Structure formats: structure tokens, C-alpha cells
Amino acid sequence: MSTKKQIQAQLVRALADYDNLRKRSETEKEIWIKFSSERILTKLLPILDMFESAQDHLKDGGLAIGLTEFKKILQEEGLEEIKPQKGEVFDESCQDAVGVVKGDKKDDNKVSEVVLSGWKYAGGQVIRYAKIICQK
């Protein structure tokens, strides 16, 4: 093989290696951005819970607007609220049973009470499981 062809082959290989490095760097950057935003969002959820608890007691119009905007930001970041309903079948993929109460046989493994709603990414990854009390 001539020197010119060897140089061309090395150049093609170098360009392919560079392209692979660029793609890998972009992928790693996206992973770090998602990881850091997930950490921040996880830290904000307890604050949202406190505001919702205060709103349940106060019924304040201004606080209601703030809560709506807070949830809107979470949705813009790709999160969906996991809000199970009483009587639904327990779903271990997005719910965490923190208690059990006795119930009728026909109501076994159904949500008795929602203690805390959960949150997940629209793609399905759960950030926080919904806390429920299950009937047995």
C-alpha cells in the first residue's frame, strides 16, 4: 500500500474516532444534565408537599396559584404526577404500600388511602413512588 493511501486510511480512521468521541461526549453530557435535574427535582418535591398540606388547611387563593405554577414547572421538566385513586388495584411499579388495613376479600390488594402522591418522568422512570395504604 502506498504512503498516500496509508495516510488517507489513517485520516478516515481519525475522523471516525473523532465523530465517535463527539457522540459519546454529547450522550454523557445529556446523562449528567438529567442526573443533576433529577437531584434538584427530588429535593423540591418535599417542599411541594408542604405547600399542598398548607393549602389543604388554609384554602388560600395566592397559594393555589403558586402550587399550580410549581406543578406546571415540574410538568415542563417532563414529570407526571402519580395520583392513585381509592379502590384502584395496587401497582407496585409506581406505588409503595406504607400500610395495610383489613378489608373485604373483594377489595384485596386495592388502594384504601393515598398518603402521598408520586412523580415520574413521562418516559416512565419513577422519581418518587406514590405512598398508599393497601387493603388486605
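Here, each number is a calculation from the coordinates, and none is a lab measurement. This structure is a prediction, so every number in the text was calculated from the model and none was measured. As a convention, Cβ positions derive from the backbone with ideal geometry for all residues, glycine included, and neighbour counts pool all protein chains shown.
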Practice problem: Select one label from [x] 1.11; [y] 1.23; [z] 1.72: the one whose number is Cα Rg over 2.2 N^0.38 Å as derived from the coordinates shown. | Solution: [z]
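Which of SER25, SER117 comes first, and how do the rest follow, when ranked by fewest Cβ neighbours within 10 Å?
So the residues, fewest neighbours to most, are SER25, SER117.
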Exercise. Please give the helix 61-76 orientation as an angle from the longest Cα principal axis of the chain, in degrees from 0 to 90, rounded to the nearest 10.
Key: 30
Quiz item: For the chain, what is the charge dipole size about the Cα centre, in debye to the nearest 20, if Lys and Arg each add +1 at the Cβ and Asp and Glu each add -1 at the Cβ?
Solution: 700
Self-check item: Proxy reagent accessibility, fewest Cβ within 10 Å first, across LEU79, LEU15, LEU45
Solution: LEU15, LEU45, LEU79
Quiz item: Considering the zone a paramagnetic label at LEU116 would reach in this model (a point 7 Å from Cα along the Cα-to-Cβ line), which residues of the stretch 54-89 have amide N under 16 Å from it?
Solution: 54, 81-84
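Given the pairs LYS83/LYS120; LYS29/LYS71; LYS43/LYS120, which span a C-alpha to C-alpha distance of over 22 angstrom in this model?
LYS29/LYS71, as the Cα separations exceed 22 Å there.
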Quiz item: So which residue, out of ALA54, ALA14, ALA64, gets the largest mean-square fluctuation from a GNM of the chain using Cα contacts under 10 Å as springs?
Solution: ALA14
Quiz prompt | Extension reserve of the VAL98-ILE33 stretch, reckoned as 0.36 nm per residue once the Cα distance is removed | solution = 20.2 nm
Quiz item: Normalised by the residues of the chain, what does the relative contact order come to in percent, with Cα pairs under 8 Å and at least six apart?
Solution: 20
Quiz item: Is it possible to state the helix-based mean residue ellipticity at 222 nm for the chain, with each DSSP H run of 4+ residues giving -39500 (n - 2.57), the sum divided by total residues, to the nearest 500 deg cm²/dmol? What is it?
Solution: -19500 deg cm²/dmol
